[in-house]
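Before any comments, here is the structure.
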Amino acid sequence: AASALNHPGICTIYDIDEDQKQPFIVMELMRGRSLRDRLLSGMLKPEQVVDIGIECADALHAAHTEGIVHRDIKPANIFLTESGHVKVLDFGVFKLLESAAAATATDEAPDRTVAGMTLGTVAYMSPEQATGEDLDGRTDIFSLGVVLYECATGRHPFPGKTSAAVVAAIINRSPTAPVTFNPELPVRLQEVINNCLEKDRELRYQSAADLRAELKRVRRDIQSGHSRTVT
């Protein structure tokens, strides 16, 4: 299913094969570095945050349209190419949405996930993912919100010394306002990030396309010089 995705913002999988009983995947060769490596140098400029968010949201919209939820959006799985674009990597823990899975399911097909099983990276999980609920594309929107928060502030919105502490924060605690760490952040961009991080998924952007559209409005404001910083 992941290899069927054809989008400029998603790393292309060309082949899946086996050599001497060792499975391997042939992937697109990319030059650049991961967003995780870039963040080691500190937070990004607002316009960079917006551009990364737009391209990631566009890629996620393409995947969600095909019934695929990534479930492990994090800086290590976002690649910044030398040409200045974004590639989303590693659909290794994706889950087909029930509507898509039902169309291709067979009695012999093994389940990709087990009921109640939590997959992904703890620090970037949505509240519903952390509690083992059924997931849809809105879980990726929350995870992307965590990434955008990090890009805008250089900090994680739900810090904790242990995985249990991080999960508790994700479920129960509101993050510190991004402007606390970055006073130059435009008001509208902070609002977008806060919306992504709504704990109730009914209050988040309901699709990656909605998030992409709002980020494009933020970019328009920044380019026109009409963006306001938080005061």
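Values computed for the structure shown
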item	result
Point-charge dipole on Cβ atoms (K/R +1, D/E -1) for segment 162-231, about Cα centre, debye to 20	180 debye
Under 14 Å, Cβ to Cβ, from T121 - net charge with Lys/Arg +1 and Asp/Glu -1	-1
Rounded percent of accessible protein surface that carbon and sulfur make up, segment 131-231, 1.4 Å probe	46 percent
Stokes-Einstein translational diffusion, segment 1-95 - Kirkwood Rh over all Cα pairs, 1.002 mPa s, 20 °C, in µm²/s	151 µm²/s
Farthest toward positive dipole pole in segment 140-200 [+1 Lys/Arg, -1 Asp/Glu at C-beta], among N182, V147, A164	A164
Charge sum, other residues only, whose C-beta stays under 11 Å from G42's C-beta, Lys/Arg counted +1 and Asp/Glu -1	+2
Neighbourhood net charge (12 Å Cβ-Cβ; Lys/Arg +1, Asp/Glu -1) for E82	+3
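The values are calculated or read from the model by the stated rules, or taken from the named source; none is laboratory data. As the structure is a prediction and not an experimental result, all values here were calculated from the model. As a convention, Cβ positions derive from the backbone with ideal geometry for all residues, glycine included, and neighbour counts pool all protein chains shown. What goes into the accessible areas is simple: the full protein's heavy atoms, side chains included, and nothing from ligands, DNA or RNA. Shrake-Rupley method; radii C 1.70, N 1.55, O 1.52, S 1.80 Å.
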